[in-house]
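The structure appears right after this line, and notes come after that.
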Amino acid sequence: MARQRPWIIEDCAIASPDQDRFDHQSVSRELLDIVRGSTQPLAIGLLGPFGSGKSSVVRLLAAELKDDPKWAILHLSAERHSGSARARGLLYGLLDEAWRQDLIGLEQWKAERACLDGGRQRTAPRPTAMSAKPGKQSWYAYPAAAGAALGWLLASLATIWLLGVAVVAFSHLGGIAADVPAWT
């Protein structure tokens, strides 16, 4: 007796090309060409309705890239992160996955987590041989910030003074408060 095909097919991502009934491999191969041909850092997002094969495409692409040391594949699912905190949740997931795969060290993971936990945006450049570690300011950053703040304060005071001079000058033209000097 011939084996009957089931009426209901489980909705789960495929794990190998021989399970591919809907030619998801053609999409994964197109993505593979894009990924390997890219000269810039790359982030790829697959959008589609539930059950359209996004996870299958990602698994097929991951199978192609798993032995290539130039590429790291981090799986994140937007379904787990919903609401207003979606972007932050995705960043937490990306950071944790990079740490689990030993793509970043514990100290960098802690520093990046501190940025996310504190709700602040990183403004310092990424660490290089010539820059400070994330989260640690160089000694000259503080005087530079103080100088910028003093500059803004002086500019604000000068603007307020000039506005006062303009008000007094216009009141003199109107004959009001003629005995008040404009420049003191």
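Just so it is clear, none of the values below were taken in a lab; they were calculated from the coordinates. Just so it is clear, the model here is predicted, and its values are computed rather than measured. As a convention, Cβ positions derive from the backbone with ideal geometry for all residues, glycine included, and neighbour counts pool all protein chains shown.
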### Message
As a footprinting exposure proxy, order ARG36, ARG113 by other Cβ within 10 Å, with the fewest listed first.
### Response
ARG36, ARG113
## Note on the structure
Ranked from fewest to most other Cβ atoms within 10 Å of their own Cβ, TRP71, TRP99 fall in the order TRP71, TRP99
### Query
Between ASP68 and TRP109, what FRET efficiency comes out of the Förster formula 1/(1 + (r/R0)^6) with R0 = 25 Å and r the beta carbon distance, rounded to 0.05?
0.55
